[in-house]
Structure formats: C-alpha cells, structure tokens
1. With the requirement that a residue be touching a helix residue (DSSP H, G or I) at 6+ places or on another chain (Cβ under 9 Å) and surrounded by fewer than 15 Cβ atoms within 10 Å (Cβ to Cβ), what does region 103-114 give you?
2. Has region 25-37 got any residue that is of a type in the set (A, V, I, L, M), loosely packed, with under 14 Cβ neighbours inside 10 Å, at pLDDT below 95 and not in a strand (DSSP E or B)?
3. Go through region 73-102 and report how many residues are surrounded by 15 or more Cβ atoms within 10 Å (Cβ to Cβ), at pLDDT below 95 and among the aromatic types (Phe, Trp, Tyr).
4. For Ala22, state whether it is of a type outside the set (Lys, Arg), in contact with a Pro (Cβ under 7 Å, 6 or more places away or on another chain), open to solvent by 20 Å² or more (accessible area, probe 1.4 Å) and closer than 19 Å to Thr108 by Cα.
5. Please indicate, with yes or no, whether at least one residue in region 18-25 is within 14 Å of Val112 (Cα to Cα), hydroxyl-bearing (Ser, Thr, Tyr) and in contact with a Gly (Cβ under 8 Å, 6 or more places away or on another chain).
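The values are calculated or read from the model by the stated rules, or taken from the named source; none is laboratory data. Owing to the predicted nature of the structure, the values given are computational and were not obtained by experimental measurement. All Cβ positions, glycine included, derive from the backbone under ideal geometry; neighbour counts span all protein chains shown. These accessible areas exclude ligands, DNA and RNA; they are computed on the full protein's heavy atoms, side chains included. Shrake-Rupley method; radii C 1.70, N 1.55, O 1.52, S 1.80 Å.
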Amino acid sequence: VQLQASGGGLVQAGGSLRLSCAASGVSYNINVMDWYRQAPGKQRELVALITNGGSTNYADSVKGRFTISRDIAKNTVSLQMNSLKPEDTAVYYCHAYIYPTNYWGQGTLVTVSS
C-alpha cells in the first residue's frame with residue numbers, strides 16, 4: 001500500500017488549502033484514514049480522522065476550520081483547511097490503518113505566513 005499526498009504550499013494567514021491523499025495497492029477495506037502533522041520541534045499530532053463509516057474526529061485546535069472527507073471507492077482522503085493560522089504550519093502526513101498495519105504518506109509541507 002502506498003499513500004501519495006499533495007496540496008501543501010505557502011498561504012497567508014486566513015487563507016485556505018486543500019490536501020489530498022490517494023491510497024494505491026489496497027486489497028482490503030481501509031478502516032481509518034486520517035491526517036497528522038508535525039511542526040518543527042514538536043511531536044506528531046493527530047489533526048483529523050474519518051472512519052469507513054464516515055465518523056470524524058478533529059483536534060480541538062482545528063475544529064470549525066478543517067474538514068476531512070473521504071471517497072471510499074477511490075481510496076482517497078482530503079483535508080479542507082480554512083482560516084489558516086501561522087500555528088498550522090507543519091508537515092502534514094496522510095495515514096491509513098488497514099488492520100493490522102499502519103501506512104504513512106511522505107508528508108506535505110504547509111506554511112502559513114502571518
């Protein structure tokens with residue numbers, strides 16, 4: 001299984017970006033797809049997740065600003081990020097859990113300037 005993320009870039013505070021991630025080589029149902037991020041000098045943290053049933057969960061810091069969505073048939077997950085803040089600057093990683101294995105994408109850099 002490979003995860004290919006795209007959509008990162010540089011944006012001004014208050015702007016929007018959309019991240020996308022496509023999973024290939026998938027033979028079984030993907031239980032959970034989600035996005036993590038890691039800012040310089042900080043630990044990787046969960047940003048948002050979505051289950052194959054459509055349930056979602058968000059970090060408190062992004063609630064109301066980010067929206068995760070998923071196309072199960074295409075094995076893709078997206079993260080719409082609005083009202084971006086400088087503290088959202090990080091490398092964002094796509095992640096998929098296919099029992100019993102975790103898979104990670106290569107990361108895409110999001111930089112929010114003030």
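1. Ser113, Ser114
2. no
3. 1
4. So Ala22 does not fit the description; no.
5. no
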